[in-house]
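What follows is one structure encoded as structure tokens, with my remarks underneath.
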Amino acid sequence: MQTLPKQPLCVDLDGSLTLVDTLHEGLVGLARNEPASLLQIPGWLQRGKAGFKQEVALRAPVDAAALPFNMPLLNWLRVEKSAGRTLVLATASDRSTAEAVNAQLGLLFDECVASDGRDNLSGERKRLALVARFGEKGYDYVGNAQADLAVWRSARKAIVVGDPDLVAQAEAVASVERVFAPTRSGMKTWLRAMRLHQWVKNLLIFVPPMLAHQFTDAGVMLQAVLAFVAFGLCASSVYLFNDLLDLGSDRRHPRKRTRPFASGELQARDGVLVGLLLLTLSIILALSINPYFALVLATYYSVTWAYSLRLKRIALIDVMVLAGLYTLRIIAGSAACMIWPSFWLLGFSVFLFLSLGIVKRFAELEDARQAGKAGAHGRGYGAADLSLLQSLGTAAGYSSVVVMALYVNSAASADLYTHPKALWLLCPIMLFWISRVWLYTARGLMHDDPIVFALKDRTSLILAALMGLGVILAL
């Protein structure tokens, strides 16, 4: 007895085959590559959703090679394909996006049914298009959203990528054949995306009141705490936006590809909304502290955007900007507590953070070299620059120790400390720590963020305690 061929299997793209929404990621790409084009969106929308999608896809084509796919579903589709089944990519995304995805998957799909600049194939329109092509109950359909209920109504079988609630709704209109669990994200995922562990960098805000010996003043320390929270909220919003702008680079990075947005755990649209909320809260808190702190925070935010959009791709400028952003945190602490920052503190900070910024870039470049690549994606360096970066980084780190040594022997330290010579203990400790950081970096053992390394490294924590002891002895 001859087996009848299976009905065509039509598969939705956004949220089903891929874990992300390609239109939203296209808009993020547009903001990155052609920010001025965002002003034209109202005009594009006058052409309807299909015309809008076509414009976005034309100006910011999605990098299909880097998209995170729903691997359980994709593997099942490949099995169905190998069994001789006809696969159809049926999506509301623009046809150029659908064809790029199909090409990336080795022409897994026999045809693409997609929006074409005139018709937006979503919901009811997709159903009508599939019925016209295959007939009523002439296809099976894979979907993941409320809009797919209309498509399932005319399908023979429903394959659901979703939670039990969506499955129940699908069962009310069609026979559900298979269910694929959706990617789940919760508060833990959002906290990871906000990178709360990076808030430790904002402890630099407490450096000015601590070095000015005003840590016993409750009013001053309250301002410092508020500034810490405001800076943290602002920095987290920056991390969210930066991860969205860096999607392409992160998805090619051996570690960063697991970040929530790069992996598809979180959606680009949600990242924009949460980022704006965090930024708003940060602004409100900053204005409640004083206008000087708000100005420093605005400067930090502006420079960070410039870094994300352009400066991080320019060799040497990128690490200098990183050093400046660290130093701005110290200036922010001074502004919040109304303490004038000293020349010595600023000089030490610039050199030290320049060294750590170069460590970060060196580690990324070394990872790329070990992976057989000519350079780190989205950066202005090549593998041939590793030796130069190592020289510049160690020189900057040692220069920070020179500044510290000069400070110990200056009149400024004598005014603040009873036994300033005890501060000499800090110099050899800093020399050892910087040398050790660069030794680990040269061996390829450094995390791409040296601050994270310092927090997790037992030796670094012991050295920090010894430096604290040196300060106490100097008091």
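The values are calculated or read from the model by the stated rules, or taken from the named source; none is laboratory data. A quick note: this is a predicted structure, and the numbers were derived from the prediction, not measured. Note: ideal-geometry Cβ built from the backbone for every residue, glycine included; neighbour counts use all protein chains shown. These accessible areas exclude ligands, DNA and RNA; they are computed on the full protein's heavy atoms, side chains included. Shrake-Rupley method; radii C 1.70, N 1.55, O 1.52, S 1.80 Å.
Going by accessible area, probe 1.4 Å, with all protein chains left in place, what is the ranking of LYS188, LYS6, largest first?
Final ranking, largest accessible area leading: LYS188, LYS6.
For LYS6, list long-range residues whose amide hydrogen, built 1.01 Å from N in the peptide plane, is under 5 Å from its own amide hydrogen.
Under 5 Å from the amide H of LYS6: no residue qualifies.
How far, in degrees from 0 to 90, does helix 124-134 lean away from the longest principal axis of the Cα atoms of the chain, to the nearest 10?
For helix 124-134, the angle is close to 50 degrees.
Rg and Dmax of the stretch 1-131, using alpha carbons, in Å: what are they?
15.9, 64
How much accessible area does ILE429 have with a 1.4 Å probe, in Å² rounded to the nearest 10?
Roll a 1.4 Å probe over it and ILE429 shows about 20 Å².
Over the Cα atoms of the chain, what is the Rg over Rh ratio if Rh follows Kirkwood?
1.08
For the stretch 24-66, what class follows from the C-alpha gyration tensor (a ≥ b ≥ c being the square roots of its eigenvalues): rounded when a/c is under 1.5, otherwise prolate if a/b is larger than b/c, else oblate?
Oblate is the answer for the stretch 24-66, as a/c is 1.5 or above yet b/c matches or exceeds a/b.
Give the angle, between 0 and 90 degrees and rounded to the nearest 10, that separates the Cα long axis of helix 48-59 from the longest principal axis of the Cα atoms of the chain.
In the chain, helix 48-59 runs at an angle near 50 degrees to the longest axis.
Taking every DSSP beta bridge that has both residues in the chain, what percent is antiparallel when rounded to the nearest 5?
Here the share of antiparallel DSSP bridges comes out near 5 percent.
Compute the Kirkwood hydrodynamic radius of the stretch 397-461, taking the inverse of the mean of 1/r over all pairs of distinct Cα atoms, and give it in Å to one decimal.
Averaging 1/r across every pair of different Cα atoms and inverting gives 13.2 Å.
Treating the angle as unsigned and between 0 and 90°, give the value, to the nearest 10°, between the Cα long axis of helix 218-245 and the longest Cα principal axis of the chain.
40 degrees
For TRP340, TRP305, write out the residues from largest to smallest accessible area, computed with a 1.4 angstrom probe and no ligands counted.
TRP340, TRP305
Quick one: how many Å² of SER16 are accessible to a 1.4 Å probe, rounded to 10?
Its accessible surface works out to 0 Å², give or take rounding.
Please go through the stretch 342-411 and write out the trypsin sites (Lys or Arg not before Pro) that DSSP classes as loop and that have at most 14 other C-beta atoms within 10 Å.
Of the trypsin sites (Lys or Arg not before Pro), the ones in loops of the stretch 342-411 whose Cβ has at most 14 other Cβ atoms within 10 Å are LYS373.
Strictly over 30 Å apart at the Cα level, which of LYS157/LYS188; LYS49/LYS312; LYS188/LYS373; LYS312/LYS373; LYS81/LYS137 would you flag in this model?
From the list (LYS157/LYS188; LYS49/LYS312; LYS188/LYS373; LYS312/LYS373; LYS81/LYS137), the Cα-Cα distance tops 30 Å for LYS157/LYS188; LYS49/LYS312; LYS188/LYS373.
Taking only protein heavy atoms into account and a 1.4 Å probe, give the accessible area per residue of the chain in Å².
For the chain, the solvent-accessible area averages 46 Å² per residue.
Of the heavy-atom accessible surface of the chain (probe 1.4 angstrom), what whole percent is carbon and sulfur?
Heavy-atom surface of the chain belonging to carbon and sulfur, 1.4 Å probe: 64 percent.
Give me the accessible area of GLU124, 1.4 Å probe, in Å² rounded to the nearest 10.
About 80 Å², rounded to the nearest 10.
Largest first, what is the accessible-area ranking of HIS197, HIS24 with a 1.4 Å probe?
Accessible-area ranking of HIS197, HIS24, largest first: HIS197, HIS24.
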